[in-house]
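Encoded as structure tokens, the structure appears first; notes follow it.
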Amino acid sequence: MTSPALVWFRQDLRLADNPALAALDGRPALLVYVLDDEAAGAWAHGGAQRWWLHHSLASLTADLAARGASLHLARGPATRIIPQLATAIGASEVIAGRLYEPWARSRDAAIAEALQAEGRKLSLHTSSLLHEPHRIRTGTGKPYSVYTPFSRALFALGEPPPPLPTPARIETLAHPGLPLEALELLPKRDWAREFPQHWQPGEAGAAARIKAFSLLNRYDATRNLPGIPGTSGLSPHLRFGEISPRQLWHAARAAGVTGDATFLKEILWREFAYHLLWHRPELPEAPLQQSFANFPWQPDAKLLRAWQRGQTGYPIVDAGMRQLWRSGWMHNRVRMITASFLVKHLLQPWQAGEAWFWDTLLDGDLASNAASWQWVAGCGADAAPYFRVFAPVLQGEKFDADGAYVRRWVPEIAGLPDKFLHKPWEAPEIILRGANIRLGVDYPRPVMDHGQGRARALAAYAEMRGAA
Ligand code: FAD
């Protein structure tokens, strides 16, 4: 008789293209999800992610139930729970998708050792990336630190293999676990009430999103315009593995995306972030460029709060921060603008912005979030140079020219004509009055003058270089 296996769901909450399920090959299995906040420490799921996770687990449970299968939920240290469950069901193998976060890597090593001591094994499969970061090397055998040659190398590897089918039958073992509510993932105060208007967590929601992304073939023209649905909005689904990157890749090809199109390059930015995290595990906490270790940040709780609340007085920044708070997501162009504003105009440490995004983004992803913040701050691998300071007004006028984005998220200034929408402080009093706006009362004056903020940022950069 074949011995059962334990399938441990982590960041692959799906049935299709799931290598761990495929590896069962007809064996009976206990399917498990463990909420292990302790092991993740500071990088335990942020508040928005927890909302998503709750609904994603509910969806996975329902999808399994429709196939007569069940999901065992547990909460606590996986280093204890996984070996215990494996012993309880007499599993010879624990199968999971590989994780890349430093805390998860050391946890997996400990679990593999504990299992091995009992004659069992931990098998990890490539499930949430196209390629294993440790397999990709430059011609001289080093990890990549620049995106373009990295992406070229990945394109040169050819098309990813086709996705695996959803298993027709999964024979699960019954073993009582916790009810979903016992994971306490939903917020106590209902700040997430608007999320369901924007999102449908789960595998079916991911499939619906791809189908609905009608602008995919115009991605180059639409991806920088936050006022329209010009990007896929798939990032939270990818974050929780409700769709795999290779399913997305092949879906894009099937929709007519050819060659090394920009959309595929964006998927490779995600791979690059994981490549960096794997080879530079300090990525979420410390600047990759040593010279930034002593950057003269000026931490200021009031300025940080104005940014978090979308009350900086710069409409494009405030629209982004409010979109984030209310919908759990922000457009990529606006992520760059808001992040640049925080670290450059306001001189707040990038880690403060990273932590806020981590808590409020539904797609909060350790690799992409950290790599992107370091990119904007100028201290990462292949980063934007620090002295390139985004001008929020020009960015707003260029990418939200008709003001649709700002008017949606900052309704109190919606009545301003386009000419002043991105710089209300330049509007004559009569125009402000006509739009029902008292600056400093209904909408803030800028917390920092652009020219002054820019000069201060450049001076701080010069100080750092002088000290280096
Ligand atoms: P699309 O444009 O449809 O792209 C498809 C997929 O490609 C995305 O879902 C995503 O997985 C990947 N992708 C696209 N752009 C990037 C990028 N620049 N870096 C890495 N992957 C990318 N992305 C996250 O998934 N999680 C984060 O926590 C995160 N934090 C960020 C923080 C900052 C400061 C910045 C500037 C960017 C951050 N990004 C993060 C990257 C990017 O903004 C999002 O992936 C993108 O906005 C998601 O929207 P979409 O699914 O519509 O993207």
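The values are calculated or read from the model by the stated rules, or taken from the named source; none is laboratory data. Please read all numbers here as calculations on a predicted model, not as lab measurements. Cβ atoms come from the backbone with ideal geometry, glycine included; neighbour counts cover every protein chain shown. Surface accessibility is based on the protein's heavy atoms, side chains included, excluding ligands, DNA and RNA. Shrake-Rupley method; radii C 1.70, N 1.55, O 1.52, S 1.80 Å.
The criterion of at least 3 residues that are surrounded by 16 or more Cβ atoms within 10 Å (Cβ to Cβ) and within 21 Å of the chain's Cα centre (by Cα) is met by the following helices (runs of 4 or more DSSP H) wholly inside region 25-119: 47-65, 102-117. Of the residues Ala391, Ala401, the single one that is more than 15 Å from the chain's Cα centre (by Cα) and without any contact (Cβ under 8 Å) to a residue 24 or more places away in the chain is Ala401.
Of all residues in region 246-264, which are open to solvent by less than 20 Å² (accessible area, probe 1.4 Å) and assigned to a helix (DSSP H, G or I)? Those that are open to solvent by less than 20 Å² (accessible area, probe 1.4 Å) and assigned to a helix (DSSP H, G or I): Leu248, Trp249, Ala252, Phe263, Leu264.
A quick yes/no check of all residues on (1) of a type in the set (Gly, Ala, Ser); (2) on the phi < 0 side of the Ramachandran plot:
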site	(1), (2)
Phe272	no, yes
Leu283	no, yes
Gly313	yes, no
Gln323	no, yes
Leu347	no, no
Gly353	yes, yes
Leu362	no, yes
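Screening Gly396 on (1) touching a Gly at 6+ places or on another chain (Cβ under 9 Å); (2) surrounded by fewer than 18 Cβ atoms within 10 Å (Cβ to Cβ); (3) closer than 30 Å to Ile431 by Cβ shows it passes everything except condition (2). Pairs meeting the criteria (first residue in region 229-245 and within 18 Å of Leu324 (Cβ to Cβ) and open to solvent by 10 Å² or more (accessible area, probe 1.4 Å), second residue within 6 Å of the ligand (Cβ to nearest atom) and among the charged types (D, E, K, R), beta carbons under 7 Å, at least 6 apart or on different chains) are Thr231/Arg223; Ser235/Asp363; Arg239/Asp363; Arg239/Asp365. Scanning region 166-192 for residues that are out of contact with any strand residue (DSSP E or B) (no Cβ under 9 Å at 6 or more places or on another chain), open to solvent by 80 Å² or more (accessible area, probe 1.4 Å) and modelled with pLDDT of 95 or more turns up just one, Glu181.
Taking the criterion of being under 17 Å from Ile316 (Cβ atoms) and open to solvent by less than 90 Å² (accessible area, probe 1.4 Å), the residues of region 426-438 that qualify are Ala427, Ile437.
Condition check ((1) under 23 Å from Trp43 (Cβ atoms); (2) modelled with pLDDT under 95; (3) near the ligand (Cβ under 8 Å from one of its atoms); (4) over 18 Å from the mean Cα position of the chain (by Cα)) across all residues:
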site	(1), (2), (3), (4)
Glu285	yes, no, no, no
Asp300	no, no, no, yes
Ser327	yes, no, no, no
Ala339	yes, no, yes, no
Leu347	no, no, no, yes
Asp359	yes, no, no, no
Asp363	yes, no, yes, no
Trp373	yes, no, yes, no
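Are any of the residues in region 265-279 in a helix (DSSP H, G or I), more than 12 Å from the ligand (Cβ to nearest atom) and modelled with pLDDT of 95 or more?
The answer is yes; a qualifying residue exists.
Per the listing Ala306, Ala367, Ala352, the residue uniquely assigned to a helix (DSSP H, G or I), more than 16 Å from the ligand (Cβ to nearest atom) and touching a Pro at 6+ places or on another chain (Cβ under 9 Å) is Ala306. All conditions but one from (1) within 18 Å of Asp400 (Cβ to Cβ); (2) more than 8 Å from the ligand (Cβ to nearest atom); (3) open to solvent by 10 Å² or more (accessible area, probe 1.4 Å) apply to Arg335; the one that does not is (2).
Of the residues Ala40, Ala66, which is touching a residue at least 40 places away in the same chain (Cβ under 8 Å) and of a type in the set (Gly, Ala, Ser)?
Ala40
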